1. Taking the simple approach of a point 7 Å from Cα along Cα-to-Cβ for both ASP77 and ARG52, what is their distance in nm?
2. Would you mind checking the pairs LYS33/LYS181; LYS212/LYS256; LYS226/LYS300; LYS140/LYS300; LYS33/LYS256 and listing those with alpha carbons more than 24 angstrom apart?
3. Note the full-extension length gain between LYS215 and ASP293 as 0.36 nm times their separation in residues minus their Cα-Cα distance, in nm to one decimal.
4. So which trypsin sites (Lys or Arg not before Pro) in region 99-187 end up in coil per DSSP with only 13 or fewer other C-beta atoms within 10 Å?
5. Magnitude of the Cβ-charge dipole of region 221-288, K/R +1 and D/E -1, about the Cα centre, nearest 20 debye?
6. Would you calculate the separation in nanometres between label points at GLN143 and GLU69, each defined as 7 Å from the Cα along the Cα-to-beta-carbon direction?
7. Under a Cβ-Cβ cut-off of 11 Å, what is the net charge of the residues other than GLY279 that fall near it, where Lys and Arg count +1 and Asp and Glu count -1?
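Every read-out reported here was derived from the displayed coordinates using simple, explicitly stated rules and does not represent laboratory data. For clarity, every value in this text was computed on a predicted model and none was experimentally measured. Cβ coordinates were reconstructed from backbone atoms using ideal geometry, including for glycine residues, and neighbour counts include every protein chain displayed.
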Amino acid sequence: MLNTSIKKLILSTTILSNLLALVSAQAFAEQRKDFSASIAPNNHHITYYSYRGEKLPDIYIANADGSDEKNITATDDIWEIEPSWSNDGENIIFSGGLSMADMELYIMNPDGTKRRQLTDGPGNAIAAQWHPKERLILYKRWQSDELVTLHIVNPDTGVDNRLGESPSKYSGASWSPDGTKLAAVVAGTKDGHHAIAITDSHFKQLNTIELKSYKAVVPTWTPDSKGLVFASGVDNKTNELFAYHLEQEEIRQISKTNDDTVYFAEFSRNGHYIYMDRGSWESNFLLYRAAWDNNAWWHKTLELEQISGTGAKQLSKAAY
């Protein structure tokens, strides 16, 4: 079972490739890796996916401080990753499949009931994200490194429209807080670096941010829409969080985790916290969050608090 699962990891994303390269089978069996927190509209709950030992990943929900965790999929033979909470709180969208080479989008209630498949196409439907104002879902379809397309699907009608004209130009995107713009990673620019394209909701490009030495994971808009936060490597092993100020046109590092790496930044709906994954491929990845100050975020380094796994500090609901 373990050998079969590891072979499937070869076809997965960078995260799973790192797992394969750096983690032995014995160590992997003892590890926990929590990824990709999405925050409920009431700001009191989160959903995320997690690898527990040799098991395939499942979707979990918990209180916003990580307490009262529940596995809401609990399947033995299905991969379930990257959940995203709808803006009305009624549904969770996620990617699922029998292998990492063939995943589609599924939708379910927050308690795991009324699960149904939403998309059907070649390759993997991954990185789903709800529109902040409407019942629309943005996702990317990965068929190979040379063929990546962005789509918007309506979960109620099933209508699925592809965005953009050229495949593989945009490798991931996120909505602005008001839903009128997208920030998309442009992989492989002419100088070999990444860029971030700012577009309108019809995918007409408005601006391009050249990242030079940075290689961004999908950017997240700051709650005030004045900046973008993204993870990028600072050496050959680790990622940190960086912020780009849209008005000042500057980039600065906003996390400092020493030898850990950071992925998948996401803000709470009220803009009070930023959530992320932090850890190392040799041990665990756990969920962290930091208070966010809309009036001073450009000048501060984040103070991270662990909210999942052993040693997490559980807060009262008054702190949400």
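1. 2.1
2. On the way: LYS33/LYS181 32 Å; LYS212/LYS256 21 Å; LYS226/LYS300 15 Å; LYS140/LYS300 32 Å; LYS33/LYS256 20 Å.
Where the Cα-Cα span goes over 24 Å, the pairs concerned are LYS33/LYS181; LYS140/LYS300.
3. 25.5 nm
4. On the way: sites: LYS114, ARG115, ARG116, LYS133, ARG135, LYS140, ARG141, ARG162, LYS169, LYS181; in loops: LYS114, ARG115, LYS133, ARG135, LYS169.
Hits after loop and neighbour filter: LYS114, LYS133.
5. Values: 6 positive and 11 negative charges, 34 e Å.
Roughly 160 debye for region 221-288.
6. So the two model labels end up 3.8 nm from each other.
7. On the way: positive: ARG32, LYS33, ARG278; negative: ASP34, ASP259, ASP260, ASP277, GLU282.
Here the count lands on -2.
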